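The values are calculated or read from the model by the stated rules, or taken from the named source; none is laboratory data. Fair warning: this is a prediction, and the values are worked out from it, not measured in the lab. Note that each Cβ is placed from the backbone with ideal geometry, even for glycine, and that neighbours are counted across all protein chains shown. Areas reflect the complete protein model, heavy atoms only, side chains present, ligands, DNA and RNA absent. Shrake-Rupley method; radii C 1.70, N 1.55, O 1.52, S 1.80 Å.
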Amino acid sequence: MQKTTSKLGIAIKTTRKEKGLTQMELSEELGITPRHLQAIENENKTPSYNLLFRMLSYLNISADTILHNPENNISSEQNQLLYLIKYKCDERDISVLLSTAKALIETKM
């Protein structure tokens, strides 16, 4: 469950920031304290199902991004990168990232 709650915290925090919301603003919208939101985002605290549904709905995050994990041995940073690529990048962004990754790997050889 830790990996799922870690993915949730990353997704909530990333999307909240992309939408220009502070923890205070989002917590007010969700009817929770800023401290509770901080614990979910940064400390892997698990929200109730009701709160989870409200968070995902308000931020327009697909539950699949949180609950589906085909890779079991993947770091938090890798999860964050995959989330950003899958849900936040357009085709041009992905092309630039792919070229950059290939160039980075070639410099290591």
Residues with amide H under 5 Å from that of Lys45, placed H, sequence gap 5 or more: Ile40
Between helix 2-18 and the chain: long-axis angle, C-alpha atoms, 0 to 90°, nearest 10: 90
The chain: most fluctuating residue of Ile32, Ile94, Ile66 per GNM, C-alpha cutoff 10 Å: Ile94
Spatial separation of Cα centroids for the stretch 82-109 and the stretch 22-55, in angstrom: 31
Of all accessible heavy-atom area on the stretch 17-109, the percent that carbon and sulfur account for (1.4 Å): 54
Positive-end extreme of charge dipole, the chain - chosen from Leu104, Ser27, Ile40 (charges on Cβ): Ile40
Mean Cβ count within 10 Å, highest first, over the residues of peptides 36-46, 13-23: 36-46, 13-23
Mean separation of Cα contacts under 8 Å, 6 or more apart, over the residue count of the chain: relative contact order %: 32
Karplus-derived HN-Hα couplings along the stretch 52-59 (A = 6.51, B = -1.76, C = 1.60, θ = phi - 60°), whole Hz, x at Gly and Pro: 4, 4, 5, 5, 5, 5, 4, 8
Under 13 Å, Cβ to Cβ, from Lys17 - net charge with Lys/Arg +1 and Asp/Glu -1: +1
Ratio of Rg to Rh over the chain (Cα coordinates, Kirkwood Rh, two decimals): 1.03
Solvent-accessible area per residue for the chain (1.4 angstrom probe, square angstrom): 68
Karplus-derived HN-Hα couplings along the stretch 91-108 (A = 6.51, B = -1.76, C = 1.60, θ = phi - 60°), whole Hz, x at Gly and Pro: 4, 5, 4, 5, 4, 5, 4, 4, 4, 5, 4, 4, 5, 4, 5, 5, 6, 7
